[in-house]
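The next block holds one structure in the form of structure tokens; read it before the comments.
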Amino acid sequence: MTLVTTERDEAGIVTMTLNAPETRNAISELPMIEAILAALTEAQADPEARVIVLTGAGVAFSSGGNIKSMSPGQGLVDKVPAITRRNYRAGIQRLPLAFEDCDLPIVAAVNGPAVGAGCDLTLMCDLRIAGASATFAESFVRIGIVPGDGGAWLLPRVVGFARASEMALTGDTIDAQTALSYGLVSRVVPDDELLNEARAVAGRIAANPRHAVRMTRRLLRQAYNRDLSVTLELSSAMQALAHETDDYTKALAAMRARIEKSRS
């Protein structure tokens, strides 16, 4: 079975689907981690790719960790704590770094539960659209562990420190409408409209000049974690590059033509 399927349409939208419904798309084991990383690398290298839509096959977006492989000596967990630490660094912690490094905007189409590391996977994306049946839980504390995949860094940046503390310390599950009120998702749509809505948003992103989109995505990511002076320096450098692209020249000419037409 292909653990992550990808399909690119004519607009440059890459639909990336976690394809392990028998584990509710658990992402903690190395084969799935490697499959996600490979799919990201493939999309990043594709000159025709403009935006990624990430979703899950079956009834869940992702259950996060596979509980069956979380006993000592299985999966990431070793009987020696130092080895467990190394396994996390070489395993699931590669995901947030890869998502951060990707230039393509990533839209999470959250179908059903996004639990633990599955919730954090949505946070690695740039925006999240939820189906009405979607739920979210930063549930690590419920089984006596902490967010080992970067969730303690990701969650406060999306929902704020107080909401993140409530979610992480209680492990409570929230529904899609609560997620909307928290700012965790940007919209909630009927389940049967989820992929179409996510692709529609992705299409509006893909319609823009691709170099500008990739650089804007990178700039947003960098600016969020740096002070103003560093951000301004990075902005000027990227703007200088953007001004030299064919996309910019064509878009500017088209804009000028529309302005002239409106005046005539």
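The values are calculated or read from the model by the stated rules, or taken from the named source; none is laboratory data. What you see is a predicted model, and the numbers here were worked out from it, not measured in a lab. Neighbour counts run over all protein chains shown; Cβ positions are idealised from the backbone, glycine included. Accessible surface areas use protein heavy atoms only, side chains included; no ligands, DNA or RNA. Shrake-Rupley method; radii C 1.70, N 1.55, O 1.52, S 1.80 Å.
Out of (1) 53, 45, 33; (2) 49, 43, 39; (3) 72, 42, 39, which label holds the value of Cα extents along the principal axes in Å that was computed here? Evaluating Cα extents along the principal axes in Å on these atoms matches (3). The distance between label points at Ser181 and Val141 comes to 2.0 nm (points 7 Å beyond Cα on the Cα→Cβ vector). Test of understanding: what is the full-extension gain from Tyr88 to Ala251, defined as 0.36 nm times their sequence separation minus their Cα-Cα distance? Once the chain is fully extended between Tyr88 and Ala251, it gains 54.2 nm. Over the chain, dividing the summed -39,500 (n - 2.57) contributions of all DSSP H runs of at least 4 residues by the number of residues returns a 222 nm mean residue ellipticity of -15000 deg cm²/dmol.
Straight-distance candidates among the lysines for linking to Lys79, with alpha-carbon spacing under 18 Å and chain neighbours fewer than 8 residues away dropped: Lys68.
For the pair Ile67 and Leu30, the difference between a 0.36 nm per residue extended length and the Cα-Cα distance amounts to 11.9 nm. With Cα atoms defining each centre, the range 1-76 and the range 163-193 are spaced 21 Å apart in the structure. Using a probe of 1.4 angstrom and keeping all protein chains present, the accessible surface of the chain works out to 52 square angstrom per residue. Where the accessible area of the range 210-263 is counted over protein heavy atoms with a 1.4 Å probe, how much of it, in %, is carbon and sulfur? Summing carbon and sulfur atoms, their accessible area is 60 percent of the total for the range 210-263. Here the accessible area of the range 122-208 is 55 percent carbon and sulfur, with a 1.4 angstrom probe and all protein chains present. Projecting the Cα atoms of Ile92, Ala57, Leu180 onto the charge dipole of the chain (Cβ charges, centred on the Cα centre) puts Leu180 farthest toward the positive pole.
Taking amide hydrogens as placed 1.01 Å from N in the peptide plane, the amide H of Leu127 sits under 5 Å from those of Ile106, Ala108, each at least 5 positions away in sequence or on another chain.
Given the options Ile33, Ile205, Ile143, which has the most mean-square fluctuation in a GNM of the chain, springs set between C-alpha atoms less than 10 angstrom apart? Per the Cα network of the chain with a 10 Å cutoff, Ile143 tops the list. Subtracting the Cα-Cα distance of Ala237 and Ser262 from 0.36 nm times their residue separation leaves 5.7 nm of extension gain. Here the range 4-207 carries DSSP beta bridges of which approximately 30% are antiparallel, counting only pairs with both residues inside.
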